[in-house]
Amino acid sequence: MNKTEIYYFSGTGNSLVVARDLAKRMEGNLISITSVMDKKRITTDADVIGIVFPVYYLGTVNIPLVVQRFVMKLDEISTKYIFAVCTYGGGSGSTLKILDEMIKARGGHLASGFGVQMPQNAFRKPFENKTKLYNNWKEKKLDFIQGRVQEKNEGGFDRDGPFIKLFLNILSVMMNNHYLKPFFINPMKSTAKLSKDADLTMDEIIPLMDRSYHTDEHCTGCQTCLNVCKVHNIEMVDNKPEWQHHCENCLACIKWCPQQAIHGYGELPKSYHHPEVKISDMTTPKK
Ligand SMILES: Cc1cc2nc3c(=O)[nH]c(=O)nc-3n(C[C@H](O)[C@H](O)[C@H](O)COP(=O)(O)O)c2cc1C
């Protein structure tokens, strides 16, 4: 039997649910990407490696920076069967293709890649009905992924269908429309000045996006934000969080805050996490 390891990164639990379900079905080890990032190079005796992560900023970075750094640490992977699942709110575009290029640069290749649509956690009000949708077809989708991986199928990557493509185009027009803009969080808004002033790339801007993060008077100093931050980007100073500017922008601190007291990412954020994920799932394992 193949030895399988499934590595995941997740801010609000969507990707964790997928990774966890797949690990259970494939009798694989579930490993948090951030728990192995202190290693200089990452090697494994597993035959099958799965990578599960959310899509960020389609068309710019696509893959969370920490996941990119993880891939660049993978070593001795030329004989491994590597598959990936990206979760996304609207579409996955070229994300899996870009990941394949990165894995190729490490001497391996992405044998198959899948996209799973989930609630869009970066919007002010995530579309909770997507969770229902996911639950309705989850078994079928997971059966499909499991089947492909177990056959070691070189299946290529899921691509957005024509309706998703159309939707993404309409969405981008709407997000740039003067009157409709207030209904969306514009992730670039808080950083536009930064990028203009300093001429930074998106990769350089993302870690600094926390400069606009702050708490309001409802913050109780409960440290939930500190505990869910997988990249140790938060320190408590005078019982309040202070962000350390190596942010992944996963929104975990904002979305898991029990008081909804953290602001700075677009307009007033509402809390969101996948309903099957508890805070304790997010805080462990962690180094
Ligand atoms: C900073 C950020 C940027 C995002 N950008 C996109 C995007 O460009 N396209 C998309 O479909 N979803 C985007 N999303 C939504 C997430 O990919 C989606 O909700 C994902 O399932 C979240 O996974 P998680 O709960 O495991 O963190 C973005 C989310 C965040 C936090």
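So which of 138/230; 104/141; 73/104; 3/141 end up more than 18 Å apart by C-alpha? Please report the intermediate quantities before stating the final value.
Values: 138/230 26 Å; 104/141 26 Å; 73/104 12 Å; 3/141 22 Å.
Exceeds cut-off: 138/230; 104/141; 3/141.
Of the peptides 227-233, 22-28, 113-119, the ranking by mean beta-carbon count within 10 Å, highest at the top, reads 113-119, 227-233, 22-28.
The numbers here are math on the coordinates, done by the rules we state, and not lab data. Computed from a prediction, not measured in an experiment: that's the story for all the values here. Note that we place each Cβ from the backbone using ideal geometry, even for glycine, and neighbour counts take in every protein chain shown.
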